1. Can you give me the number of residues within segment 15-38 that are more than 23 Å from residue 108 (Cβ to Cβ) and either touching a strand residue (DSSP E or B) at 6+ places or on another chain (Cβ under 6 Å) or surrounded by 17 or more Cβ atoms within 10 Å (Cβ to Cβ) (or both)?
2. Can you tell me which residue within segment 89-107, out of those that are under 20 Å from residue 15 (Cα atoms) and without any contact (Cβ under 8 Å) to a residue 40 or more places away in the chain, is nearest to the chain's Cα centre (by Cα)?
3. If you scan segment 38-55, which residues turn out to be more than 9 Å from residue 8 (Cβ to Cβ), assigned to a helix (DSSP H, G or I) and in contact (Cβ under 8 Å) with a residue 12 or more places away in the chain?
4. From the set of residues in segment 56-86 that are in a helix (DSSP H, G or I) and under 19 Å from residue 21 (Cβ atoms), which is modelled with the highest pLDDT?
């Protein structure tokens, strides 16, 4: 990732938010955190991030309401939103996707899955898989007596 992409991580679970923030920073993202829906929307409007990771259930309003407001504003409509929630109800997932979420991930999530979702949402290539360094072939030795 050449350019440093800014991600707004909006979740009221402060431990998870801080952990994911640290892990995303280690992967090259710049991360801003918001612990309630009202503040998340204010941050996005004041300094629009490149992507938003949004929980559904937060104080200060719902993530769904934040998503609706983000997609309803000309200033933030193009920002991809990845929803990260413990809600697994297919109806909720469908509603959120219909509102314009780019992806819906279920908690708990590992940073690899979140990074992959952010890369897809931002239109970035997938992170290359870690590969074992190749070992050069062993040169032929002297012939064995046999």
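The values are calculated or read from the model by the stated rules, or taken from the named source; none is laboratory data. Computed from a predicted structure; not experimentally measured. Don't worry about glycine lacking a Cβ; one is built from the backbone with ideal geometry, like all the others, and counts go over all protein chains shown.
1. Residues flagged as more than 23 Å from residue 108 (Cβ to Cβ) and either touching a strand residue (DSSP E or B) at 6+ places or on another chain (Cβ under 6 Å) or surrounded by 17 or more Cβ atoms within 10 Å (Cβ to Cβ) (or both) within segment 15-38 amount to 1.
2. 105
3. 38, 39, 41, 45
4. Among those that are in a helix (DSSP H, G or I) and under 19 Å from residue 21 (Cβ atoms), it is 66.
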